[in-house]
Amino acid sequence: FPQLCALIMEFGFSDLLRELAGRVQTKDSENTFLTSDKKKMREFYDFLAEYPSDKENDYSSIVASTPFLAGYGRFLAPKLAVLPGGFEDPIGRIDTLDLTYFGDRSRNFLKEILKVKTLSLDAYIREHLSDFLDANLSNKQYVALYEVFVSQKDILEKENTKKILEKLPLVRAKDGQLRPANQCYFKTEDLVKLLGDDDELWVDETVFVKL
């Protein structure tokens, strides 16, 4: 059958990904084509990881905007998703993948083929934190953010990251606004006599007491 086989077009990895991108475009098509069954989705991701491909080709752009990767409660597109890098987003705004859906082979597939980035705390601070601070943080989110910093103090040893943190409005003052650390103080009687008693000067410590 060699002549017959020669007439059959090969369904390559690019073709497979284009088919996937064509089928998963909306929330409705997500629900139709994908499943919440973890075992089946793990098998699907392993299938993709093992499909013959040319390691020299860049396939990531084909499905960059296709929401087919399992996150927490929804499917994510590769260009928006991140792999957890040793910490959880304390503010809850980052689209992190749920690694229980991905075995070792499919995790390599995420990194090497789909170019999904790993979110380190350093990258979180450099690329995302300033945007999150612009929004109103709840007390719970605010405290959780500080708990991350306290648990990973070594991040302060990186000079560039330290400079970024110094400029960010990370301290909540008594007037309810977030300000850079060098604009606020822990309230004492001596400092009140020297600086006055405007709420914007003093660190709001009550949130840590309540939580």
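The values are calculated or read from the model by the stated rules, or taken from the named source; none is laboratory data. Keep in mind the model is a prediction, meaning the values are calculated, not measured. Every residue, glycine among them, receives a Cβ derived from its backbone with ideal geometry; neighbour counts consider all protein chains shown. Each accessible area value is taken on the protein alone, full model and side chains, heavy atoms only, with ligands, DNA and RNA left out. Shrake-Rupley method; radii C 1.70, N 1.55, O 1.52, S 1.80 Å.
A few comments on the model shown:
- Tally of residues being over 27 Å from V143 (Cβ atoms), outside any loop (DSSP other than H, G, I, E, B) and open to solvent by less than 30 Å² (accessible area, probe 1.4 Å) across segment 60-72: 3
- Among the residues of segment 200-211, those identified as under 19 Å from Q141 (Cβ atoms) and open to solvent by 80 Å² or more (accessible area, probe 1.4 Å) are E205, F208, V209, K210, L211.
- Residue within segment 177-194 that is touching a helix residue (DSSP H, G or I) at 6+ places or on another chain (Cβ under 6 Å), more than 19 Å from L129 (Cβ to Cβ) and not aromatic (F, W, Y) present: no
- Among the residues making up segment 143-199, those that are surrounded by 14 or more Cβ atoms within 10 Å (Cβ to Cβ) and hydroxyl-bearing (S, T, Y) are Y146, T161, Y185.
- Answer residue from segment 34-59, given it is free of Cβ contacts under 8 Å to residues at least 12 places away in the same chain and assigned to a helix (DSSP H, G or I) and is least open to solvent (accessible area, probe 1.4 Å) among those: F44
- The single residue among L83, L110, L97, L119 that is at pLDDT 95 or above and within 24 Å of S61 (Cβ to Cβ) turns out to be L110.
- Filter pass, F75 being at pLDDT below 95, surrounded by 16 or more Cβ atoms within 10 Å (Cβ to Cβ), more than 27 Å from L133 (Cβ to Cβ) and in contact with an Asp or Glu (Cβ under 9 Å, 6 or more places away or on another chain): yes
- From the list L201, L168, L156, the lone residue that is farther than 24 Å from F87 by Cβ and of a type in the set (A, V, I, L, M, F, W, C) is L201.
- Filtered residues of segment 1-33 (kept if at pLDDT 85 or above and either part of a loop (DSSP other than H, G, I, E, B) or of a type in the set (F, W, Y) (or both)): G12, F13, V24
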